[in-house]
Structure formats: structure tokens, C-alpha cells
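Right, one structure below, let's go through it.
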Number of protein chains: 2
Amino acid sequence: MAMKEVVLLDSWACPFSMRVRIALAQKGVDYESKEEDLLLPKSELLLKLNPVHKKIPVLIHNDRPVCESLVILQYVDEVWNHTNPLLPFDPYQRAQARFWADFIEKKTFETTQRVWATKGEEQEVGKKEFIDHFKFLEQQLGDKPYFGGDSFGYVDVVLIPFYSWFYAFETLGDFKIEESCPKIIAWAKRCMQKENVASSLPDQEKVYEFVLAYRKKLGVD
Amino acid sequence: MAMKEVVLLDSWACPFSMRVRIALAQKGVDYESKEEDLLLPKSELLLKLNPVHKKIPVLIHNDRPVCESLVILQYVDEVWNHTNPLLPFDPYQRAQARFWADFIEKKTFETTQRVWATKGEEQEVGKKEFIDHFKFLEQQLGDKPYFGGDSFGYVDVVLIPFYSWFYAFETLGDFKIEESCPKIIAWAKRCMQKENVASSLPDQEKVYEFVLAYRKKLGVD
């Protein structure tokens, strides 16, 4: 049987895959999800389609792979440009959105890893950095409903997947994100009221169970 | 006196600033360069305009700052879209260009640092990684004249500034990049024949002198 026109090498708990799931949902694109199990060795298909980074997500569109979630999001936005734009139209606003997406990419993910994949002193450093980075984001959000302003856009899609890991971060790190970043929590709850977001993100407690298994795999516990 | 419409917080030896200088030259944009001395404390203007990363380059356009070189390049390409496009028109080709620019950003810079800012075993590891990464780029370039195909484009702009550091890498690392990556060297020489590139890149031996001073500042020597 031929593959669908759009296929996603996906994994339910992977925040980067969630970004693509949200974007495809926002664009109304019908696709086939091929699940990679992050606790098992990588599939031959993944190694073949992303030989450089060997990472999901990979979007396969008309048999051609696109790798790296931020690259995929911009591709999706440009190909399916008839509805729900992710990036704003104005070049300066686009630059600002790309800047904050890049900030999340460079700073936030590494820091979240220190919160969930370590313990002891390293985890304490990670928690402090996590809060510092999210305070930058809280400040950038300000009193706007979304990072994109009045409408849910690129930076929102890039950041919201981490919300599904917040329960794991808070439980393993023994801290409450809301105490330092109440606007981020309010924003996340606002995003979760959108069907395309809620249906693309897994349950927080299910993610917590997955993280416990991942910590075991990494030898942290 | 009022600032020019376009100002670049710049530094002559900084590869990221060189990217922006090339892009502005390709677009024919007249601008004022404000030099930051990388061996001195950061200027107040830089700290004010890029409070998140505190890094050059910063492009100031009509008094508004744009930070991070890849974000700036895309901004420049979108604002001055009348000539010499950096990114290709086709969404898939654009995604490929963004993928390789991201690869250079994530992998190559860190590795070059290991070559010029370390010594001993760490430097040996850096040299091996450097060659590994440039072999990926050599393979991607293939027999095309430029990464962008027949015309000089986004990935070329992102990568070529490192060429001005090659003499420093080779001298400090005691190796020859051409032995492993002859196509990269031929491509670099091809790019250097372009006036907009040659006039935006400093002399390799001057960069080497700068790198020696930087190593002293970092306490490597």
C-alpha cells in the first residue's frame, strides 16, 4: 500500500513531535503517524531519512523528508499557507518570533533535561536555570494572550509541548512553576483550551510515567 | 546627529557579524558599522539592545534591534527582497537550506572553538569532529558550485565566514582542511571571488593574530 502524502515519524511523548502535530492540526493536514519508541533502538526508516541527526520528528511529504522541528514548522507554514498562519506577516514580527523560538530551542530544552534527567546538585542548578529561562519567556509574553499576540502562533506552538512535561518536572524537581511564572501557566491553560493543542499533547501523568522509565534507561535512578 | 536607518553592531573578526555584512552587501544596503571590541567588556548599547544573549551581531533597523545572525539574515532577505534572494523560492529547498544553516549553527561553531580555543587531547577531539562535520558539508555541497546550487545563497552566507578563520584553525591545530575536504576549499575560493564576500571577510593572517590574543584572554596559552 502506498504511503500517505504526508507521514510523520512521531513519538507521543516527544515535545518536538508535538510541535509538528499541533502545526499539522492547525493547518487541517491529514497525515499518517509512524510511532518511534524512544525507549527502543532507532528504526531503520529514521536512520535512513535523518542520517545527520538521527532524530524525530521527520516529516515526509511526497516521499521527501524534512528534519528538525523548527524547520518543519516553517515548511508546514509555507506549504499550507491558506489558513492559520504560524509566523506573522510583518518581517519584524517574524524576526521576533524566530528569535524567541530559537531561544526556546537553545536554552529551554537543555535546561529541562537537567530538571528531569539528573538529581542532586545538578538538578538544583537545572531548576534555577529553568526558572530563569521561563522568567524571560514570562516577561516576553507579558499581558498578551499568546506569544503571537491575539492569535496562537509560531512561538506558542514551539513552547506549549513542554507543558505536557510540567508535572514530571515539578514532581521530580519538587517545585511549582506557577510560583515563579504564573502568566506562563495561565497561557498554557489558555492554549490547552484549543482542540488542536489539547488533542496533540499527551496526558501529563502519562508523560511522568514515561519520564520515570527514561530515567531508568539513562541510569539516573 | 541621527543614526543611519540601518546600523550594525559589528566586530571585524566575528564570523556571525561577517554573515550579516555579506547579506547587507548582497542586498546593496547602506549601513553604519559600530565596532565592538571582542577583547574588551561589552558596550552598554549591546547590553541594552540584546539583553537576552548579550551578543553581536545586532542589526538596528529604524531604531528596532534584530538579534541572532540567522534571524537577521532571514529578516534582511524579507525586507530587502528586491534583489539577490538568500533563501530559495521553493518551500522544500528553503527547508533544506534552513536545515543546513541550523546544522552549521549547532555543530560547526562549537567544534571550531575546540580547534582554536583548546590544546592537547581536547583539541585533537575537536579536530576530528571538525573534519567529520565538514565532511557532511562537503557531501551536501557535492559537485554544485554553491550550497544554493548555481547561485550563492543562504547556506553559503552562513558558512563562508569560517573560511577567514581556516588559517588559524590549521596553524593552531597543525592540520590541513583541504586534505579531507578539497571541495569545501574549492567552494570557499569560489565564494571569495565575489566582491561582496571578499570585502566582508578579514585577512586570514589578521584573524590568526586576533585568535592568538583571544587565546591569551581565555587563559589557553
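Answer yes or no: is there a residue in the stretch A:190-208 that is within 18 Å of the chain's Cα centre (by Cα), modelled with pLDDT of 95 or more, more than 30 Å from A:Asp37 (Cβ to Cβ) and not assigned by TED's automatic domain parsing to the domain that holds A:Arg21. Within the stretch A:190-208 (the criterion being within 18 Å of the chain's Cα centre (by Cα), modelled with pLDDT of 95 or more, more than 30 Å from A:Asp37 (Cβ to Cβ) and not assigned by TED's automatic domain parsing to the domain that holds A:Arg21), the answer is yes, since at least one residue qualifies. For A:Pro41, the stated conditions do not hold, so it cannot be described as over 24 Å from A:Val211 (Cα atoms) and either within 14 Å of another protein chain (Cβ to nearest Cβ) or not in a helix (DSSP H, G or I) (or both).
Flag set for A:Asp102, criterion: in contact with a helix residue (DSSP H, G or I) (Cβ under 7 Å, 6 or more places away or on another chain), open to solvent by less than 70 Å² (accessible area, probe 1.4 Å), on the phi < 0 side of the Ramachandran plot and among the charged types (D, E, K, R). For the stretch A:63-77, a residue qualifies if it is under 14 Å from B:Pro91 (Cα atoms) and either buried (at least 17 other Cβ atoms within 10 Å of the Cβ) or assigned by TED's automatic domain parsing to the domain that holds A:Tyr154 (or both), and the qualifying residues are A:Pro65, A:Val66, A:Cys67, A:Leu70, A:Val71, A:Ile72, A:Leu73, A:Gln74, A:Tyr75, A:Val76, A:Asp77.
Checking each residue in the stretch A:63-77 for being within 16 Å of the chain's Cα centre (by Cα), aliphatic (A, V, I, L, M) and facing another protein chain (nearest Cβ under 8 Å) picks out A:Leu70, A:Val71, A:Ile72.
Each residue in the stretch B:78-104 was checked for being more than 9 Å from chain A (Cβ to nearest Cβ) and among the charged types (D, E, K, R), and 1 of them qualify. Candidates in the stretch A:154-176 are the residues that are among the β-branched types (Val, Ile, Thr) and crowded, with 21+ Cβ neighbours inside 10 Å; of these, the one that is nearest to A:Gln123 (Cα to Cα) is A:Ile160. Taken over the stretch A:105-121, residues that are assigned to a helix (DSSP H, G or I), more than 10 Å from chain B (Cβ to nearest Cβ) and surrounded by fewer than 17 Cβ atoms within 10 Å (Cβ to Cβ) amount to 5. Restricting the search to helices (runs of 4 or more DSSP H) fully inside the stretch A:144-221 and requiring at least 1 residues that are within 25 Å of A:Thr118 (Cα to Cα) gives A:154-159, A:166-173, A:177-180, A:182-192, A:204-218.
The values are calculated or read from the model by the stated rules, or taken from the named source; none is laboratory data. Small disclaimer: the values here were computed from a predicted structure and weren't measured. All Cβ positions, glycine included, derive from the backbone under ideal geometry; neighbour counts span all protein chains shown. We work out accessible area using only protein heavy atoms, side chains counted, and drop any ligands, DNA or RNA first. Shrake-Rupley method; radii C 1.70, N 1.55, O 1.52, S 1.80 Å.
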